[in-house]
1. What is the Cα convex hull volume of the chain when expressed per residue in Å³?
2. Using only Cα atoms and rounding to the nearest 10 degrees, what angle (0 to 90) does helix 283-301 make with the longest principal axis of the chain?
3. About the Cα centre of the chain, how large is the charge dipole given +1 on each Lys and Arg Cβ and -1 on each Asp and Glu Cβ? Please answer in debye to the nearest 20.
4. State the three equivalent ellipsoid semi-axes of region 8-158, derived from the C-alpha gyration tensor as the square roots of 5 times its eigenvalues, in descending order and whole Å.
5. Please compute the Cα-Cα pair-distance distribution of region 200-319 with 10 Å bins starting at 0, giving whole percents from short to long.
6. I'd like to know which of Q307, M246, L127 lies farthest towards the positive end of the charge dipole of the chain, counting +1 on Cβ of Lys and Arg and -1 on Cβ of Asp and Glu.
7. For region 1-83, what log10 I(q)/I(0) values come out of the Debye formula at q = 0.14, 0.19, 0.22 1/Å, with one point per alpha carbon and no solvent?
8. Can you figure out the FRET efficiency of K236 with I92, using R₀ = 30 Å and their beta-carbon distance, to the nearest 0.05?
Amino acid sequence: MFEILGQEYAKNAIKSMYDNNKMSHAFIIQGPDGVGKSIFADYIAAMLLCRGFKKPCMECASCRKIQSGIHPDYKIISSSKSIGIDTIRELIDYVNIKPYEGYRKVIVIKGADKITIEGQNAILKTLEEPLQDTTIIILLEKMNSILDTIISRCQVLRLGRVERDKIEEYLIKQGVENKKAKTAAALSDGILGNALKYLDDEYASLRMETLKNLRDIIRADEIKILDSVDFFLSQKENIDLLFDIMISILRDISVLKITKNEDIIMNRDICEILNEECKVLSIDRINKIINIISAARKNIDDYLNYQLTIEDMLLNIQEV
């Protein structure tokens, strides 16, 4: 079952296009990581490849194969690194192959933000001369990561954040204990993928360890603050997650200082600790620390030396 949480506008748009025989040969599905872009792509593929009467029927052989990831006419391209011209050429070769089972094939490009300019230009040529039997679905987080000429040749569907209560309700239906579901939904920032991640024991442990290190950093002097370097070095692969956790905590402290309202913060389960930090941090210092963390994130994204960036960040936090 392709269970899409929320996204009523996008679902209605697809249904209307299909019912009126106006399905595009290419789609861009844009939205934050974890919002459900891949599931939505599966949904579109199932609608196009389904052999049942009501599409997608979720019962025919085609729908079942898509759910199992084994449909020969449904190809997914993804990479943890950049997607270069060679990968795109393989995609183009696949575009020119006739469908194996039916009359259509569907290609999904995950993480299209990572496609090189050469790769994007190669895709553009395919979009300019689309084949009637092929639908291309491009998944990305930011529209400015891809050529305007590609965007102009695709039907764009934007997936947004989902209401907190819908995420909580969904988690409870999946068997998550009420209190955990409430906390995960509050921490999710409207993204189901985040909520599921927060229920993971490893993440829970990392979050509490990050909280401890953040509190130590806030209180440390110049010598002791560098003791935290080892923690950040050991978590290099999770650094984006650590930054997200720290900024989330700091923003909640700021909200608590201004509003005194615990019901509107994300990290409700650690309210007692956050209230303690309210006594230590001023709004001005919180904002400066968030800016320092954001600058460190950008430097790492720009491939500056990781260890030096972390050391710089910690010393800058100590100085504000």
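1. Values: hull volume 48.4 nm³, N = 320.
Considering the Cα atoms of the chain, their hull volume per residue is 151 Å³.
2. Result, in degrees: 50.
3. 1240
4. Listed largest to smallest, the semi-axes of region 8-158 are 23, 17, 15 Å.
5. Percent of pairs per bin, in order: 13, 47, 33, 7, 0.
6. The Cα lying farthest towards the positive end belongs to L127.
7. Debye output, listed in q order: -0.50, -0.93, -1.21.
8. Values: r = 36 Å, r/R0 = 1.19.
After rounding, the FRET efficiency stands at 0.25.
All of the numbers you see were taken from the coordinates with simple rules; none came from a lab. Just so it is clear, the structure is predicted and the values come from calculations on it, not from any experiment. Backbone-built Cβ (ideal geometry, glycine too); neighbour counts: all protein chains shown.
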